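The values are calculated or read from the model by the stated rules, or taken from the named source; none is laboratory data. Please read all numbers here as calculations on a predicted model, not as lab measurements. Reconstructed Cβ throughout: ideal geometry from the backbone, glycine too, with neighbour counts over all protein chains shown.
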Amino acid sequence: MLMLVVVVIVVIILLPAMLVLPFSNDTTFGKLTEKIEQKATKEQSKEKMKEPAVEVSVLRTTSKQVQKLPLESYLIGVVAAEMPVNFEKEALKAQALTARTYIVNQLIQGDRTGLPANADVSDGENHQVYKSDQELKELWGSQYKQNLQKIKAAVQETAGQILTYDGDPITATFFSTSNGYTENSEEYWKADYPYLKSVSSPWDTESPKFYNKVAMTVADFEQKLGVNVPSGTEIGTIVERTAGKRVGVVRINGKELTGKQIREKLHLMSSDFSWERQGNQIIITTKGYGHGVGMSQYGANGMAQEGKSYKDIVKYYYKGVTIQSSNKWVNTLTVKK
C-alpha cells in the first residue's frame with residue numbers, strides 16, 4: 001500500500017514538473033526571443049531601404065547635356081552646392097529636407113519652362129544649384145571624402161521626408177542671409193503662401209554676407225533704372241517698407257519703383273538697401289543676401305549652433321508645415337515614369 005502511494009505521488013507531482021522544466025529555461029527562451037527580434041529588425045531595415053526609384057533629369061548648363069540621377073544622389077549634389085559644408089549637421093539636414101521637398105514638388109508640377117523636353121530641372125539658380133561628384137572633388141580637394149560623408153549623412157538621415165501644408169508639398173524656398181527678418185511671399189512674388197510669412201532671424205548678423213556695398217556712376221544708375229536723379233544730395237525717398245523690413249516702394253523724381261525692381265535692375269544682393277551720393281557716384285549699402293522668402297541658410301546654421309534640430313528649424317521658417325513621408329507622391333511619379 002505504501003509503495004502504491006509513493007508511485008501515485010510521483011506520477012501526479014514530479015512527472016509534470018519534469019516535462020515542463022526544459023521549456024522554462026530562461027536562457028533558451030531569451031535566445032529564441034532575441035532571434036525573432038533581430039529578424040524583425042532586419043526586415044524593417046530592408047523595408048526602409050526599398051524606397052521607390054525616381055530619377056531626376058538635370059540640364060547641365062555648361063555642357064547643355066541632360067544627366068539622369070537617382071533622386072537621393074541628386075540631393076547630395078544639391079545640398080553640397082547650396083549650403084557651406086562647414087555648417088552644422090542639423091542645418092544641412094534642414095537644407096536636405098527643403099531640397100527634397102522642392103524637387104518632389106517640381107516633378108509633380110511638371111513645370112519645364114525654359115527647359116528642354118527631356119529635363120526636369122537645370123543645375124543653376126533658376127531651380128536648385130547642383131554639383132556633380134567630379135565637381136565636388138575639384139572643389140573640396142583633400143577634404144572630399146570627409147565632406148561628402150557629412151553631406152551624405154544629412155541626406156540619408158532625412159530620407160523619404162518632405163514638408164507639406166494641408167497635405168500637399170510646399171514651395172520650399174530658401175536663401176542665404178536675411179536682413180534680420182524673412183519676407184512674406186506676397187511682398188516679393190505676389191503669390192500668397194500661408195507658410196511663407198515673415199519671421200525674425202537674428203542669427204544672420206554673423207553671416208559674412210550680411211552687409212555689402214557697391215558703387216556706380218549717376219549715369220549708370222539712371223540708365224539702369226530709367227530715372228532722372230535730381231541735382232544735389234537727394235536721390236529718392238522710401239515711401240513703403242515690407243513686413244520683412246525691406247524696401248517696398250521708392251519714389252525717384254516722381255517715378256515709383258519697387259524694392260524688388262531696384263534690386264534686380266541694379267543687381268543688388270538684397271532689397272533692403274540705402275544709398276548716398278558722393279560727387280558723380282552713388283554708394284549703395286545692402287543688408288542681407290537673397291530674396292528673403294522662406295528659410296535663411298545662415299539663420300538655420302545659427303539655430304543649429306544653439307542646439308535646435310532640423311525639425312525645429314524648418315518649422316520655424318515655414319509656418320504650420322508638417323514633416324511627412326514622400327512615398328505617396330514618389331509612388332505616383334514612379335508610376336508615371
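List of remarks:
- Pairs where the first residue, in the stretch 91-102, is within 13 Å of Gln305 (Cα to Cα) and the second is surrounded by fewer than 24 Cβ atoms within 10 Å (Cβ to Cβ), C-beta under 6 Å, 6+ apart: Ala91/Ala304
- Residue in the stretch 263-272 that is over 22 Å from the mean Cα position of the chain (by Cα) and part of a strand (DSSP E or B) present: no
- Checked against the criterion of being over 26 Å from Gln305 (Cα atoms) and either crowded, with 22+ Cβ neighbours inside 10 Å or in contact with a strand residue (DSSP E or B) (Cβ under 6 Å, 6 or more places away or on another chain) (or both), the stretch 158-167 has no qualifying residue.
- Considering (1) crowded, with 22+ Cβ neighbours inside 10 Å; (2) in the same structural domain as Ala96 (by TED's automatic domain parsing), the lone condition that Lys152 does not fulfil carries the number (1).
- When residues of the stretch 184-210 are limited to those that are among the basic types (Lys, Arg) and either under 17 Å from Asp272 (Cβ atoms) or modelled with pLDDT of 95 or more (or both), the one surrounded by the most Cβ atoms within 10 Å (Cβ to Cβ): Lys197
- Of the residues making up the stretch 288-337, those that are over 20 Å from Asp272 (Cβ atoms), part of a loop (DSSP other than H, G, I, E, B) and either of a type in the set (Lys, Arg) or within 12 Å of the chain's Cα centre (by Cα) (or both) are Lys308, Tyr318, Lys319, Lys337.
- Annotation note: of Ser270, Ser296, Ser326, Ser274, the sole residue that is farther than 23 Å from Pro84 by Cβ and surrounded by 21 or more Cβ atoms within 10 Å (Cβ to Cβ) is Ser326.
- Hits in the stretch 201-235 (condition: small (Gly, Ala, Ser) and over 10 Å from Ile282 (Cα atoms)): Ser201, Ser207, Gly226, Ser231, Gly232
- Set Glu256, Glu222: member being over 30 Å from Asn301 (Cβ atoms), among the acidic types (Asp, Glu) and free of Cβ contacts under 8 Å to residues at least 12 places away in the same chain: Glu222
This table checks each residue for (1) touching a strand residue (DSSP E or B) at 6+ places or on another chain (Cβ under 6 Å); (2) assigned by TED's automatic domain parsing to the domain that holds Val227; (3) not small (Gly, Ala, Ser).
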residue	(1), (2), (3)
Leu266	no, yes, yes
Ser271	yes, yes, no
Ser274	yes, yes, no
Gln278	no, yes, yes
Asn301	no, no, yes
Lys308	no, no, yes
Tyr317	yes, no, yes
Ser325	no, no, no
Trp329	no, no, yes
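- Gly248 vs. criteria surrounded by fewer than 20 Cβ atoms within 10 Å (Cβ to Cβ), assigned by TED's automatic domain parsing to the domain that holds Ala215, closer than 21 Å to Gly226 by Cβ and in contact with a Gly (Cβ under 7 Å, 6 or more places away or on another chain): yes
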